[in-house]
Amino acid sequence: MLRNSSSGYGWVAIAFHWTMALMIIAMLALGMYMHRLPLTDPGTFALFQLHKSIGFVILGLAIFRLIWRFANPSPALPSAMPAWEKAAAHLGHIGLYALIFAIPLTGWLMVSASPWNIPTLLFGAVNVPHLPVPAALGTKAEAETLFKDLHELFAWLLILLLVAHVGAALKHHFLARDGVLVRMLRPASRTGAQDRPDAGQRV
Ligand code: HEM
Ligand code: HEM
């Protein structure tokens, strides 16, 4: 029940999915809110530090999640799903995985490049070192702007993918009724078969 089976996700994949989904959605909102605040406000500094701290937790979780993902192949999609939809689902998942690395990494590079050289204190306790920024990217301010733009662009890409991802999940639940959302909410039963007769067939 901890590991994925051929017909459903296990508890570990489910816990990773929903913990990270909540954290990432909260971070999208926090990022958009805090970046509009006046930089001179001491509250802004605290919110930036909180955003960076949660971002590092997400990056750490993403690493463990990917390792778990490689050790645990995902269950097959319903055999009734058209090939193009299966391909779109796989591409969408790859895009989501890529962005949950790319967003925190560009954030880390942004603060590393900043001419302000502001330290990152993980939850006010542990100092996170800055990353080396290639000199080929120009001045520190230019490199900071580049990573800031990429951080924002990737955040918007994630929002777009997320709209499609949630839309697809709801479509499967309410229209196709094939158990695809349910299997991300609870593991398959001990007998192996989830809620649908074709569960377990490999793509
Ligand atoms: C999955 C994790 C993260 C998400 C979803 C996220 C999302 C966002 C969003 C949506 C913004 C507002 C962008 C804009 O409208 O310009 C933002 C800003 C920012 N993020 Fe992140 N972020 C994440 C991780 C990080 C990390 C790890 C760091 C640094 C170590 C970081 C540093 C920043 C900074 C400094 C800003 C403010 C940029 C500015 O001055 O406008 N973020 N983030
Ligand atoms: C930032 C938020 C989210 C991210 C980054 C995300 C990411 C992912 C990823 C990477 C997978 C593939 C898992 C794997 O096979 O290894 C997945 C699967 C799934 N997600 Fe999300 N997700 C998010 C939010 C949501 C939400 C809000 C819903 C539901 C309304 C949802 C429903 C699902 C479902 C049903 C699956 C399983 C698809 C299948 O069985 O193949 N996700 N998600």
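The residue that is nearest to H35 (Cα to Cα), counting only those in segment 169-187 that are open to solvent by less than 60 Å² (accessible area, probe 1.4 Å) and within 9 Å of ligand 2 (Cβ to nearest atom), is A169. The listed residues are L2, L30, L22, and the only one of them that is of a type in the set (A, V, I, L, M, F, W, C) and within 17 Å of H151 (Cβ to Cβ) turns out to be L30. Screening V166 with (1) surrounded by 17 or more Cβ atoms within 10 Å (Cβ to Cβ); (2) near ligand 2 (Cβ under 8 Å from one of its atoms) gives one miss only, at (1).
Of all the numbered requirements in (1) at pLDDT 95 or above; (2) assigned to a helix (DSSP H, G or I), H130 misses one, and that requirement is (2). Taking each residue of segment 30-58 that is more than 20 Å from A102 (Cα to Cα) and open to solvent by 30 Å² or more (accessible area, probe 1.4 Å) and looking for partners that are more than 9 Å from ligand 1 (Cβ to nearest atom) and assigned to a helix (DSSP H, G or I) with beta-carbon atoms closer than 6 Å, six or more apart or interchain, yields L37/T44. Contact list please: Cβ distance under 7 Å, first residue in segment 86-110 and farther than 14 Å from G60 by Cα and at pLDDT 95 or above, second residue more than 16 Å from ligand 1 (Cβ to nearest atom) and part of a helix (DSSP H, G or I), pairs at least six apart or on different chains. Close Cβ pairs satisfying both conditions: A89/A168; G92/A164. Residue check: is K171 charged (D, E, K, R) and under 27 Å from T19 (Cβ atoms)? Spelling it out, K171 is indeed charged (D, E, K, R) and under 27 Å from T19 (Cβ atoms). Among the numbered conditions (1) outside any helix (DSSP H, G or I); (2) away from ligand 2 (no atom under 14 Å from the Cβ), the only one that T44 does not meet is (1).
The set of residues in segment 140-158 being loosely packed, with under 13 Cβ neighbours inside 10 Å and in contact (Cβ under 8 Å) with a residue 12 or more places away in the chain consists of A141 alone. Within segment 87-123, restricting attention to residues that are more than 18 Å from the chain's Cα centre (by Cα) and open to solvent by 60 Å² or more (accessible area, probe 1.4 Å), the residue that is nearest to ligand 1 (Cβ to nearest atom) is I118.
The values are calculated or read from the model by the stated rules, or taken from the named source; none is laboratory data. Fair warning: this is a prediction, and the values are worked out from it, not measured in the lab. Quick reminder, even Gly has a Cβ in these numbers, built from the backbone with ideal geometry, and neighbours come from all protein chains shown. Note: areas computed on protein heavy atoms with side chains; ligands, DNA, RNA excluded. Shrake-Rupley method; radii C 1.70, N 1.55, O 1.52, S 1.80 Å.
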